[in-house]
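The values are calculated or read from the model by the stated rules, or taken from the named source; none is laboratory data. Owing to the predicted nature of the structure, the values given are computational and were not obtained by experimental measurement. Note that we place each Cβ from the backbone using ideal geometry, even for glycine, and neighbour counts take in every protein chain shown. For the accessible areas, the whole protein counts, side chains as well, though only heavy atoms, and no ligand, DNA or RNA atoms are used. Shrake-Rupley method; radii C 1.70, N 1.55, O 1.52, S 1.80 Å.
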Amino acid sequence: MDILIDQLNSYYDRHGVYPDTYLEMQDCPEYDNGVLPFSADDGPTSGQAVKYQYDSDTETLTIRLKTPDTLSPETRGDWSWTEYERDGYEAFHDLLTHGDLSAPEFQPARRKTGDAYYELSFPVEVEHAEPTNDADCVLALDAGMRKDMTAVVVTDDGEQLSTPQFIQFTDREKCDDFTANEPA
């Protein structure tokens, strides 16, 4: 409270009046890296802006997202829940057999045409599993936001044995190349 009172007094000293709104004396905060986690501590069913549930039987992700009803929402009444169902893709379902959904992330992105859009991603936290055979190398996968996945072969010590492969959503055939060339 002391900091807020100091801000108000400083504003009054500079302008001779108190501000009508808080944002007159304080810039609106901006998230530095462009990713906004949706209340991770609220959980998938109690979220303030997004709620989600994965049904492993039907392999469907149901998302309830709070969206604005107007171009300039000003009150809570200007927002409502919208529900979406997504089937996902096979790699997503496979990851969920080995891990759990983490808090969703919301970030801005841009198409090649320059059009802006926003992505809502659902990271899957997978526990590290020890290899079950005598393999001396592993295929490391990093599923990301801008690329569907980055894949690289590394030794148990982390030494890189291959050049990274960037697999786009449209390059699913590259995934088949990895499995077709694995040793018998």
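Could you tell me whether Ile63 is open to solvent by 60 Å² or more (accessible area, probe 1.4 Å) and modelled with pLDDT of 80 or more?
No; evaluated as a whole, the condition is false for this residue.
Of all residues in region 69-119, how many are basic (Lys, Arg) and either touching a strand residue (DSSP E or B) at 6+ places or on another chain (Cβ under 7 Å) or within 14 Å of Tyr54 (Cα to Cα) (or both)?
3
For region 62-91, how many residues meet the condition of being in contact with a Leu (Cβ under 8 Å, 6 or more places away or on another chain) and hydrophobic (A, V, I, L, M, F, W, C)?
Looking only at that region, the number is 3.
Could you look through region 102-139, keep only residues that are modelled with pLDDT of 80 or more and β-branched (Val, Ile, Thr), and pick out the one that is nearest to Ser162 (Cα to Cα)?
Top of the filtered list is Val138.
Being touching a residue at least 24 places away in the same chain (Cβ under 8 Å) and touching a Lys or Arg at 6+ places or on another chain (Cβ under 6 Å) is the filter here; which residues of region 52-71 pass it?
Hit for region 52-71 is Leu61, nothing else.
Out of all the residues in region 140-184, which are surrounded by 12 or more Cβ atoms within 10 Å (Cβ to Cβ), modelled with pLDDT of 70 or more and under 23 Å from Leu101 (Cβ atoms)?
Ala140, Leu141, Ala143, Asp148, Met149, Thr150, Ala151, Ile167
Tell me which of these His93 doesn't satisfy, since it passes every other one: (1) farther than 16 Å from Thr58 by Cα; (2) modelled with pLDDT of 80 or more; (3) surrounded by 11 or more Cβ atoms within 10 Å (Cβ to Cβ).
The one condition His93 does not meet is (1).
Can you pull out the residues in region 96-106 that are open to solvent by 20 Å² or more (accessible area, probe 1.4 Å), part of a strand (DSSP E or B) and not aromatic (Phe, Trp, Tyr)?
Once the filter is applied, which keeps residues that are open to solvent by 20 Å² or more (accessible area, probe 1.4 Å), part of a strand (DSSP E or B) and not aromatic (Phe, Trp, Tyr), region 96-106 yields Asp100, Leu101, Glu105.
Need pairs with beta-carbon distance below 9 Å; first residue farther than 17 Å from Ser121 by Cα and of a type in the set (A, V, I, L, M) and within region 147-171, second at pLDDT 80 or above and open to solvent by 100 Å² or more (accessible area, probe 1.4 Å); sequence gap 6+ or separate chains.
Pairs found: Val152/Gln160; Val153/Gln160; Val154/Gln160.
Listed residues Glu119, Glu74; which is free of Cβ contacts under 8 Å to residues at least 60 places away in the same chain and not in a strand (DSSP E or B)?
Only one candidate qualifies: Glu74.
Within region 16-60, take every residue that is surrounded by 12 or more Cβ atoms within 10 Å (Cβ to Cβ) and on the phi > 0 side of the Ramachandran plot and give me the one that is modelled with the highest pLDDT.
Glu59
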